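Q: Could you have a look at this structure, given as structure tokens, before my questions?
Read-outs throughout are calculated quantities, based only on the coordinates presented, and are distinct from any laboratory measurement. Note that the structure is a prediction, hence the values are computed from the model and not measured. In this analysis, Cβ positions are derived from the backbone assuming ideal geometry, glycine residues included, and neighbour counts consider all displayed protein chains.
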Amino acid sequence: MNWFLQRVAIMAGGVALAGMPAPAFAADDPAPANDPAVDPFAQAMAARSVADYARRTKDPYAMITAARMLAEIPVSDGDTAAGAEASFSPKALYAEARVLADGDATLLEQITVAESVARRGVMTSAFGSGLVRRVLSVDPRGAYQFSLDAKGGETLRLGAIGSPGTSLLIRMVDKSGKVVCLDDHGDYAPVCQLKPKANARYRVDILNKSPAKSQTVVLSN
């Protein structure tokens, strides 16, 4: 593991230990086993944690790291709200890094170079097809609803990442109306995970409990 990945692992691990709520799991779903393969969903969530750390400590280098982590993951865009500018994107994180750079010319040049490389796209990747990404605009005290199909015997993970400072809820409901997963920790990035025994369709509810609109990124594997 090179120095960059070591730094990311230490930083992301430290943020997780600082009291982040765990993802919500279905009641009968055991915690996932460690997978030695590269996990795009886990890296996206780690990038979010590193970005939170950067905001809290006002560390532009950490924000660059978060942006690079996110830019490395290939995504397949699903439904995207017209004109939506989500805060959880490489472009937005690099913009935050520029603000944190506070006029440092050398650092600003490093950010420009890093962002330029990211725009070339992922030529080769250990992530395979990557993640499905949707950008939603969720009104204050409003909700967004959609359906998805899950493959039996495989773990499904779904994360909603809104604007920092907002409070989101994610809920998954099966065809009988039973809530099979709920994450309502009161933060801006709830996560649900479950492993259905057979192919199944679920309704997904994303609720914005805040008085402000949230441009929300929904990621699913």
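Q: Grab the other residues whose beta carbon is less than 15 angstrom from that of LEU107, score K and R as +1, D and E as -1, and report the net. Intermediate results must be reported in sequence, preceding the final value.
A: Working: positive: LYS58, ARG68, ARG98; negative: ASP59, GLU96, ASP102, ASP104, GLU109, GLU115.
Combined, the nearby Lys, Arg, Asp and Glu give -3.
Q: Ranked from highest to lowest mean number of other Cβ atoms within 10 Å per residue, what is the order of the peptides 193-200, 152-159? Provide the component values of the computation, followed by the final result.
A: Numbers: 193-200: 15.5, 152-159: 17.2.
Result, highest mean first: 152-159, 193-200.
Q: Hey, can you rank 161-171, 63-73, 178-188 by average C-beta count inside 10 Å, highest first?
A: Ranked by mean Cβ neighbours within 10 Å, highest first: 63-73, 161-171, 178-188.
Q: Under 13 Å from the Cβ of ASP52, count the other residues' Cβ atoms, weight Lys and Arg +1, Asp and Glu -1, and hand me the total.
A: Computed value for this residue: +1.
Q: Same structure again: Using 18 Å as the Cα-Cα cut-off, could you pick out the over-long pairs in LYS58/LYS213; LYS151/LYS197; LYS175/LYS209?
A: Flagged as over cut-off: LYS58/LYS213; LYS175/LYS209.
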